[in-house]
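FYI, it's all coordinate maths here, none of it is from the lab. Here the structure is a predicted model, which is why all the values come from computation and not from measurement. As a convention, Cβ positions derive from the backbone with ideal geometry for all residues, glycine included, and neighbour counts pool all protein chains shown.
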């Protein structure tokens, strides 16, 4: 089993897969002053022109092993960990062929909104500190039924994610 290391996200190292922003500590252009400030256009996600559905993933702490992944060909996916830091894994978009050797893992701080580009391989998050994490997901309505390819990994292609240091 191959091992990859979860690393801190930067705008540069995550750019091939999408975008992100800390929604609790915004660093973007704002309108207004205290006591009410509006931080505009922090992250954009092209979800096409459908109804956007908001869902929740409840992920329990478990071994950090990638044994399956999914991709959406036509839409981005929005991920917002609500109550814990998480590790996500991603690989570049392909035409249905899983790029086993290209997976990377990233540490996503709680309240950081992540947008995965269309086609990026990914799957459920791994909680870091708690036994259970809730993650808000935004996708076009019924993406799980009409734009999701799930691939189970053969035993020899499974990937272990390791943490080299405790996230702050």
Among 59, 145, 76, determine the one that fluctuates most according to a GNM of the chain built with springs between C-alpha atoms less than 10 Å apart.
145
Residues residue 13 and residue 37, FRET efficiency given R0 of 35 Å [Cβ-Cβ distance, rounded to 0.05]:
0.75
Wrap a convex hull around the Cα atoms of the range 1-84, take a quarter of its surface area, and give that in square nanometres.
8.5
So, with points 7 Å from each Cα along the Cβ direction, the residue 51-residue 164 label distance in nm works out to 4.6
Normalised contact order of the range 2-163, rounded percent, pairs of Cα under 8 Å and 6 or more residues apart
38
Computed log₁₀ I(q)/I(0) - Debye formula, equal Cα scatterers, no solvent, the range 86-168, q 0.12, 0.17, 0.24 Å⁻¹:
-0.41, -0.83, -1.43
If you project the alpha carbons of the range 2-163 onto their three principal axes, what span does each projection cover, largest first, in Å?
56, 35, 28
Working out 0.36 nm times the residue gap between residue 24 and residue 146, then minus their Cα-Cα distance, what length gain in nm do you get to one decimal?
40.6 nm
Springs between alpha-carbon pairs under 10 angstrom, Gaussian network model over the chain: which of 56, 120, 86 fluctuates most?
56
Expected max-MSF residue from 94, 135, 75 in the GNM of the chain (alpha carbon, under 10 Å) is 94
